[in-house]
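The values are calculated or read from the model by the stated rules, or taken from the named source; none is laboratory data. Keep in mind that what you see is a predicted model, and the values were worked out from it rather than measured. FYI the Cβ positions are ideal-geometry reconstructions off the backbone, even for glycines, and counts take in every protein chain you see.
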């Protein structure tokens, strides 16, 4: 299941954890959070729920509560 990470993206951009093209830099996020690059990439992509430790690191680094990371994407309705 994928999760909505809009607030995380905004916080990472505000903290300038971005590449030259403006996309979020997973390596910069990983360094800031103290997690591996793959964990940061999954977090940025919204793939799976973050572990307690990762959610806590996000809260400390970006000021986002863990509950902000646990919002599933809304289902997409396909017109009939």
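For residue 80, the criteria (1) farther than 17 Å from residue 10 by Cα; (2) modelled with pLDDT under 95; (3) in a helix (DSSP H, G or I) hold in every case but one, which is (3). Among the residues of the stretch 14-24, those identified as under 15 Å from residue 61 (Cα atoms) and part of a loop (DSSP other than H, G, I, E, B) are 15, 16, 17. Going residue by residue through the stretch 48-55, is there one that turns out to be part of a helix (DSSP H, G or I) and closer than 12 Å to residue 8 by Cβ? Scanning the stretch 48-55, I find at least one residue that is part of a helix (DSSP H, G or I) and closer than 12 Å to residue 8 by Cβ, so the answer is yes.
Does at least one position in the stretch 28-37 carry a residue that is surrounded by 16 or more Cβ atoms within 10 Å (Cβ to Cβ), part of a helix (DSSP H, G or I) and modelled with pLDDT under 95?
no
Anything in the stretch 57-68 that is outside any loop (DSSP other than H, G, I, E, B) and either under 17 Å from residue 15 (Cβ atoms) or in contact with a helix residue (DSSP H, G or I) (Cβ under 6 Å, 6 or more places away or on another chain) (or both)? List them, or say none.
Matches in the stretch 57-68: 57, 58, 59, 60, 61, 62, 66, 68.
Sub-6 Å Cβ pairs linking a first residue in the stretch 1-19 that is within 10 Å of residue 71 (Cβ to Cβ) to a second residue that is assigned to a helix (DSSP H, G or I), at least 6 apart or interchain, are 7/68, ordered by first then second residue. All conditions in (1) exposed (fewer than 13 other Cβ atoms within 10 Å of the Cβ); (2) under 11 Å from the mean Cα position of the chain (by Cα) hold for residue 22, with the sole exception of (2).
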